[in-house]
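Working notes, structure below.
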Amino acid sequence: FAAAAAGMDVDGAMVSVGEFGRYQKRLTVTFVLLQIYVACQSMLIVLVGAQPEYSVNTQEVISTHEELIKHVVFEEDITSIATEWHLIRREAYKVNLAGSLFFVGLLIGNILFGPLSDRFGRKPIFLTGLFLDVVFGFITAVAPNYEVFAVTRLLVGLVNGGMSLVAFVLTQEFVGKSYWALTGSLTNLVFAVGIVAFSVIGYYIRNWRTLAAVANCPGVLFFLLFIPIPESPRWLYSHGKTEEAEEVLQYIAQRNGNEKIFVQLKPCAGTSKTGQSAHGVMDLVKYPKLRWRTAILMYVWYVCSLVYYGLTLNAGDLKGNRYLNIALYGLVEVPAFPLCLYFIDKSWSGRRKTMTAFLLFAGLACISTMFLPRHLGFDMGFLLNVTSLALCGKLAVSAAFNIVYVFTAELYPTVIRNAGLGICSMSCRVGGILAPFVPALKSLNPSMPFIVFGIAGMSAGFLGLLLPETLNKPIAESIEDLHTPTYQKLEDKRKKGVGPQNVTQS
């Protein structure tokens, strides 16, 4: 083992210490379970901002909001910001505004946290974001008025979005590349499960302040669990901190039970030394290869978000129990993850073709709705209608969303991976902000929203074919790796079927 580990890069050393040993499994489980907390924070406004039915117990004409408050009677035994601060009628927009502020915070957090973690390290930025997320979450639960509540939702969105982005990258970088598809898929799968878990918590806790506090409590536990984790060995290696990276890999090997392994890494080409300017967002524009990849990925992320959230609003008006509806929105995504996990690791499909296929399927499902008759006159009509096709489209775009996370992480070098993911996530949030406006197009034509989603999905699918495949390809640590003959030689060897160990030792 000592001989095998000597003179390797991170990929080769990871094979020796254990790509997915006991320690990485525990880390992965902890990071994946963190998505339940992230999902609860993301879905909080759905129940905290619930607007129950109400009646006005007066026959007089009410001209002011203050007079309305005196005569309003809510008919459900729940509390929310709408019932406590009477956000109804002319004030009802404030509930949606608070939800929008959370997504604006996500957008800002994606922009800030990616470059920060690429420059100062994954662990300190991640822990800072998680700590602030918990603090702002508890302030939300005790907010004395709407203004404080709205500001804290903006701040929670900022740190929650940035923290979860860095957590995703950390999860990937602690395991070998051959397991990135698995860990990435599990992350998104547990997020869907977290939506279901939140609906269960909300069913039993009807007071909005208690619900906000309980949904935030797991963050305290996760923060304590993550304090002892080491820094990402890939980040250390890509920034020229070879000795520290060796120590982390040695620590991982020992925790995996491989105490006799001696790790020695060869220097990483193109790393920034102390005192030199660090890599950042501008590198995504500076280098033609990265510029082209970023432009395509930003559009794909934007479309995934636009179609996903748009179909959530369009896939039939789910009446009845609001807690059951929230659970259904999570459960409909669950089948997407085993499907994409199966296909993206097959040599005949890979990341690129599978992502394209799901996007095209989502687009076709949306466009097909315009060809359905208003009333199907056969027994299978309940299986073939606008709602079922829209839900099929949502399942497909959920799978594409999952793949693009994994695919994007593999397309960017380690030194700017978080910056790349941050820019793509920013584009994703723009799609989420615009999605609620698309259903308004049905005033022009009932099929218009689905036509927009269909064209967007199909165009993103075809554009995705222009990206390079990353299955069984080496991961670039530095930007120079994308252009050096050594990296190109590694790619050629992988194409000819040379194993990971042989390639990294050559």
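Want the number for K70 to N472: 0.36 nm per residue separation, take away the alpha-carbon distance, what's left?
Using 0.36 nm per residue and subtracting the Cα-Cα distance, I get 138.1 nm.
As I understand it, the value is the acute angle between the Cα axis of helix 208-226 and the longest principal axis of the Cα atoms of the chain; what does it come to in degrees, rounded to 10?
10
Rounded to the nearest 10 degrees, what's the angle between the helix 350-368 long axis and the longest principal axis of the chain, both from Cα atoms, 0 to 90?
20
What percentage of the solvent-accessible surface of the chain, computed with a 1.4 Å probe over protein heavy atoms, is contributed by carbon and sulfur atoms?
64
When the Debye formula is applied to the Cα atoms of the range 85-147, each taken as the same point scatterer, what base-10 log of I(q)/I(0) results at q = 0.22, 0.23, 0.25, 0.30 Å⁻¹?
Debye output, listed in q order: -0.98, -1.02, -1.10, -1.23.
Roughly what angle does helix 448-464 make with the longest principal axis of the chain, taking Cα atoms, 0 to 90 degrees, to the nearest 10?
It is inclined by approximately 0 degrees.
Normalising by the residue count of the chain, find the relative contact order in percent from Cα pairs under 8 Å and 6+ residues apart.
Averaging sequence separation for qualifying contacts and normalising by length gives 22 percent for the chain.
Could you give the length gained on full extension between I451 and W292, defined as 0.36 nm per residue of separation minus the Cα-Cα distance, in nm?
Separation in residues times 0.36 nm, less the Cα-Cα distance, equals 54.5 nm.
Please work out the FRET efficiency for the pair W85 and F262, using the Cβ-Cβ distance as r and a Förster radius of 56 Å; give the result to the nearest 0.05.
It comes to 0.35.
Give me the Kirkwood hydrodynamic radius of the range 34-146, using the inverse of the mean 1/r over all pairs of distinct Cα atoms, in Å to one decimal.
About 16.7 Å for the range 34-146.
State, to one decimal in nm, how far the label point of L441 lies from the label point of D77, with both points 7 Å from Cα in the Cβ direction.
4.5
Give me the net charge of I81's neighbourhood, meaning all other residues with Cβ under 12 Å from the Cβ of I81; Lys, Arg count +1, Asp, Glu -1.
It works out to a net charge of 0.
For the chain, how big is Rg over Rh, using alpha carbon atoms and the Kirkwood form of Rh?
For the chain, the value is 1.01.
Once you wrap a convex hull around the alpha carbon atoms of the range 399-481, what is its projected area averaged over all directions, in nm²?
Over all viewing directions, the range 399-481 projects a mean Cα-hull area of 6.4 nm².
Under 14 Å Cα-Cα from K346, which aspartates and glutamates qualify once same-chain neighbours fewer than 8 residues away are excluded?
E469
Given a cut-off of 20 Å, name the pairs among K123/K241; K25/K241; K94/K442; K394/K473; K241/K266; K25/K177 whose C-alpha atoms lie farther apart than that in the structure shown.
K25/K241; K94/K442; K394/K473
What accessible area per residue comes out for the range 147-237, rounded to a whole number of Å², with a 1.4 Å probe?
30
Label-point separation (nm) for V334 and T30, each offset 7 Å from Cα along Cα-to-Cβ?
For the pair V334/T30, the computed spacing is 2.7 nm.
Using a 1.4 Å probe, what is the accessible area per residue for the range 1-113, in Å²?
About 46 Å² of surface per residue is accessible.
The values are calculated or read from the model by the stated rules, or taken from the named source; none is laboratory data. No experiment lies behind these values; they were computed from the predicted model shown. Positions of Cβ are generated from backbone atoms using ideal geometry, with glycine treated the same way; all protein chains shown enter the neighbour counts. Protein only, heavy atoms only, side chains kept; ligands, DNA and RNA dropped before computing areas. Shrake-Rupley method; radii C 1.70, N 1.55, O 1.52, S 1.80 Å.
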